[in-house]
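Before any comments, here is the structure.
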Amino acid sequence: MKDVKSLNIQKNISFLKYTTFKIGGPAKFFCVVENVDEIKEALEFAEKNKLDIFIFGGGSNILVSDKGFDGLVIKINNQKLEIKNNEINVEGGFPFSKLVSESVKNNLTGLEWAAGIPGTVGGAICNNAGAHGKSIQDIIEKVEIIEIVPLDKGGWGVRKLTNQECSFSYRNSIFKSEKKYIILSAILKCGIYPLGFQEDESRKIISGYLETRKQKQSLEYPSAGSVFKNPEIEGEILDKILIKYPELKEIIKDNIVPVGWFVEELGLKGKKIGGAMISEKHGNFIVNTGSAKAEDVVILISLIKQKVRNRFGVQLQEEIEYVGF
Ligand SMILES: Cc1cc2nc3c(=O)[nH]c(=O)nc-3n(C[C@H](O)[C@H](O)[C@H](O)COP(=O)(O)OP(=O)(O)OC[C@H]3O[C@@H](n4cnc5c(N)ncnc54)[C@H](O)[C@@H]3O)c2cc1C
């Protein structure tokens, strides 16, 4: 095994304590990086030893296989934050929920919707995280990245992408679809409240959002949040569904149907395989009731997909990402 200078690269580190699902076998190699030099050392180690790489944020949007990941996991933990006027310059490893409170403390608005979303800034940008009709793409000015391309092909260069170059769409981005960038930092542009008005108003909105989460999501169990993207349904398929379920007209917005509605109609809430269960509160959450294996979750996911396809003619797509499968 070829070594690098100073980075502490650990072996056989279990994902159990690092993922919000509390599921997953070991990472063959695992390191925590706090700056560009350390990231480059980690990339060098992977390149020298011909290892696959997985870029890890807060582990709140992934399902890791029971056999783990046979490569190098790089946990991004750079955490600087700088606020100037209404511009936030924040590093990729900064906790996303802390970013919300920091923005409020600094008289800024535009991130209230993100209260209660776990993980890091890098993970949120990769997934174009969103809630309450808003998402991170709305406030991104620039994203600073390092490109994971072999050194002899000009790799590891640092550059900035504009919002447009990030190709954001619903729970997607160039970072999720191409998997060859590490997000180092981002510049976000927020709004400024008139002085004296902001903190109270923002805090009220945030505590309302947090209360809704508590009521609607099974936060008492480990999970990875919503498993599927809410599908957009049009044309004949939608017409057929609406004839049979006219009440859906009240729920559907811009042709997007919440996955929870399908799961409820199919009577799947509370369905258990091994230690994994479709949440009784939120049909798009699968929770770990204590000892779930990734395999249990995979079986539940395919059960939901199969039943939704058979009954409604709709193909669901995962929002969570599979690691090590
Ligand atoms: C209880 C609960 C509620 C949730 N609610 C929401 C919600 O309302 N809205 C929502 O959108 N999501 C929600 N999520 C899902 C998840 O929290 C978000 O998608 C979060 O932004 C993922 O960030 P992370 O750091 O945990 O990413 P990880 O799970 O660690 O990784 C996810 C993806 O991001 C990539 N990634 C992470 N960091 C970087 C980086 N620095 N550079 C490049 N790629 C990177 C990873 O490679 C991976 O592809 C919820 C999850 C839970 C458990």
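The values are calculated or read from the model by the stated rules, or taken from the named source; none is laboratory data. Predicted, not measured: the structure shown is a model, and the values here were computed from it. So basically every Cβ, Gly included, is an ideal-geometry build from the backbone, and we count neighbours across all protein chains shown. The area values use the complete protein model at the heavy-atom level, side chains included, leaving out ligands, DNA and RNA. Shrake-Rupley method; radii C 1.70, N 1.55, O 1.52, S 1.80 Å.
Assuming R0 = 51 Å, what is the FRET efficiency of Asp37 and Tyr193, from their Cβ-Cβ distance, to the nearest 0.05? Intermediate results must be reported in sequence, preceding the final value.
Values: r = 38 Å, r/R0 = 0.75.
After rounding to 0.05, the efficiency reads 0.85.
Ignoring ligands, DNA and RNA, what percent of the 1.4 Å accessible area of the stretch 81-210 is carbon and sulfur?
Values: 2910 of 5950 Å².
Summing carbon and sulfur atoms, their accessible area is 49 percent of the total for the stretch 81-210.
Along the stretch 27-35 the Karplus relation, 6.51 cos²θ - 1.76 cosθ + 1.60 evaluated at θ = phi - 60°, assigns HN-Hα couplings of 8, 4, 10, 8, 9, 10, 10, 10, 7 Hz to successive residues, with x for each Gly and Pro. Placing a label point 7 Å from the Cα of Leu151 along the Cα-to-Cβ direction, the residues of the stretch 10-46 whose backbone N falls under 15 Å from that point are 37-46.
Residues of the chain: accessible area per residue at 1.4 Å, in Å²? Walk me through the intermediate numbers first.
Details: 15840 Å² over 325 residues.
Roughly 49 Å² per residue, with all protein chains present.
Dividing the mean sequence gap of close Cα pairs (under 8 Å, 6+ apart) by how many residues the chain holds gives a relative contact order of 17 percent.
Here the chain is assigned +1 on the Cβ of each Lys and Arg and -1 on the Cβ of each Asp and Glu. Its dipole about the Cα centre then comes out at about 700 debye. Between Thr109 and Gly191, Ile192, Tyr193, the built amide H atoms are under 5 Å apart, and every one of these is 5 or more places off in sequence or on another chain.
Couplings 3J(HN,Hα) for the stretch 95-100, derived from phi with the Karplus relation 6.51 cos²θ - 1.76 cosθ + 1.60 (θ = phi - 60°), are x, 5, 5, 5, 4, 4 Hz, where x marks Gly and Pro.
Please arrange Leu300, Leu81 by accessible surface area, largest first, computed with a 1.4 Å probe and ligands excluded. Write out the running numbers ahead of the final one.
Values: Leu300 0, Leu81 55 Å².
Largest accessible area first, the residues go Leu81, Leu300.
Taking the Cα centre of the stretch 151-259 as origin, work out the dipole magnitude from +1 charges on Lys and Arg Cβ and -1 charges on Asp and Glu Cβ, in debye rounded to 20. List each step's numbers first, then the result.
Numbers: 18 positive and 15 negative charges, 89 e Å.
Charge dipole, the stretch 151-259, about its Cα centre: 420 debye, nearest 20.
Need the list of aspartates and glutamates near Lys271 for cross-linking: C-alpha distance under 18 angstrom, and skip anything on the same chain fewer than eight residues off. Within reach: Glu220, Glu280, Glu295, Asp296.
Measure out, as a whole number of angstrom, how far apart the alpha-carbon centroids of the stretch 271-311 and the stretch 128-189 sit. For the stretch 271-311 versus the stretch 128-189, the Cα centre distance is 31 Å. Springs join every pair of Cα atoms under 10 Å in this Gaussian network model of the chain, and among Ile23, Ile74, Ile241 the largest mean-square fluctuation is at Ile241. Look at the alpha carbon pairs under 8 Å that are at least 6 residues apart: their mean separation over the length of the stretch 81-210 gives a relative contact order of 34 percent.
Separation between the Ser291 and His132 pseudo-spin-labels, each 7 Å from Cα along Cα→Cβ, expressed in nm? Once both label points are built, they end up 4.0 nm from each other.
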